[in-house]
1. In the stretch 181-193, how many residues are buried (at least 17 other Cβ atoms within 10 Å of the Cβ) and either over 30 Å from GLY219 (Cβ atoms) or touching a residue at least 40 places away in the same chain (Cβ under 8 Å) (or both)?
2. Pairs, please: C-beta under 9 Å, at least 6 apart or cross-chain, first residue touching a residue at least 60 places away in the same chain (Cβ under 8 Å) and in the stretch 201-218, second of a type in the set (Val, Ile, Thr)?
3. For the stretch 120-134, what are the residues that are over 22 Å from PRO59 (Cα atoms) and buried (at least 19 other Cβ atoms within 10 Å of the Cβ)?
4. Can you find even one residue in the stretch 97-112 that is in the same structural domain as PRO59 (by TED's automatic domain parsing), outside any loop (DSSP other than H, G, I, E, B) and among the charged types (D, E, K, R)?
5. (1) touching a helix residue (DSSP H, G or I) at 6+ places or on another chain (Cβ under 9 Å); (2) assigned by TED's automatic domain parsing to the domain that holds CYS179; (3) assigned to a loop (DSSP other than H, G, I, E, B): which one isn't true of VAL13, the others all being true?
6. Which one is farthest from the chain's Cα centre (by Cα), of the residues in the stretch 141-162 that are assigned to a helix (DSSP H, G or I) and buried (at least 22 other Cβ atoms within 10 Å of the Cβ)?
Amino acid sequence: MKPHVICLMACSVDGRTLPSRWRPKGAAGDVFERAHEELAGDAWLIGRVTGQEFAKGKPYPASAKETFPRGPWFARRDARAYGVVLDAHGKIAWGRSDIGGDPIVVVLSESVPDAHLAALRGEGVSYVFAGKSQLDLSLTLDILNRELGVKRLLLEGGGGTNGAFLRAGLVDELNLLLCPAVDGAKGAPSLFDSTEGEADQRAPVSAMMLESNQALEGGVVLLRYRIENAPSQAAGQ
């Protein structure tokens, strides 16, 4: 069963998502953290680039004495919420087992070496597999629901990850915190992004309905959109 996927992002008025580049500075305040808590997801998900920002570890060993089955491994299953990170090729050396108290669950491809799995286990970092060499996002959601009971997932980027979920027809809702700031630079990180090879792939979004809008402190506006995806795409989920 697919969880309900809510994309939660804060952006400048020109759709950019890296607050350190915004002017004026500090426009987002702490509204994102409050919105995150209020949405009360069973899990939140980010991509490898964003996940790397939370890593504290040194590079993992290149070899291991043991071999491990390519199946789910969990350090714990009893958390209120989980921090899910897509890391298809096992690039992140964590040096920690949680982010903000939420246990880390890494989504890997089966091509990841045993040495990386040994290091994750040693640090108490849970992991699942969702593809041979590339990640299947629909399968990822199914595994999170089946193995951890995730029914409500907060998709929190970056733009490449958000864009991949959007193009796969997997985003059900967009909660957008529009902040009174500008970036103005070409190529700055944006809400939904793609590689050059994916640029011609169109998301199967058939409608976006504004469910609510709310003015928050500091001039921030919260826009909630319900997303409808084309039936042909939804049928494949």
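The values are calculated or read from the model by the stated rules, or taken from the named source; none is laboratory data. Treat the numbers as computed from the prediction; the structure is a model and nothing was measured. Cβ coordinates were reconstructed from backbone atoms using ideal geometry, including for glycine residues, and neighbour counts include every protein chain displayed.
1. Selection size over the stretch 181-193: 5.
2. Every condition considered, the pairs that remain are LEU216/VAL31; GLU217/VAL31; GLY218/VAL31.
3. Within the stretch 120-134, just ALA130 meets the criteria.
4. The answer is yes; a qualifying residue exists.
5. Checking VAL13 against (1) touching a helix residue (DSSP H, G or I) at 6+ places or on another chain (Cβ under 9 Å); (2) assigned by TED's automatic domain parsing to the domain that holds CYS179; (3) assigned to a loop (DSSP other than H, G, I, E, B), the one that fails is (1).
6. Top of the filtered list is LEU148.
Rundown of residues vs (1) part of a strand (DSSP E or B); (2) closer than 21 Å to GLN134 by Cα; (3) of a type in the set (Lys, Arg); (4) out of contact with any helix residue (DSSP H, G or I) (no Cβ under 9 Å at 6 or more places or on another chain), yes/no style:
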{"site": "LYS2", "(1), (2), (3), (4)": "no, yes, yes, no"}
{"site": "MET9", "(1), (2), (3), (4)": "yes, no, no, no"}
{"site": "PHE68", "(1), (2), (3), (4)": "no, yes, no, no"}
{"site": "ARG76", "(1), (2), (3), (4)": "no, no, yes, yes"}
{"site": "ARG80", "(1), (2), (3), (4)": "no, no, yes, yes"}
{"site": "ILE92", "(1), (2), (3), (4)": "no, yes, no, no"}
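Yes or no, residue by residue, for (1) assigned to a strand (DSSP E or B); (2) farther than 30 Å from ASP30 by Cα; (3) in the same structural domain as GLY159 (by TED's automatic domain parsing):
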| residue | (1), (2), (3) |
| --- | --- |
| ALA185 | no, no, yes |
| SER194 | no, no, yes |
| GLN201 | no, yes, yes |
| MET209 | yes, no, yes |
| ARG224 | yes, no, yes |
| GLU228 | yes, no, yes |
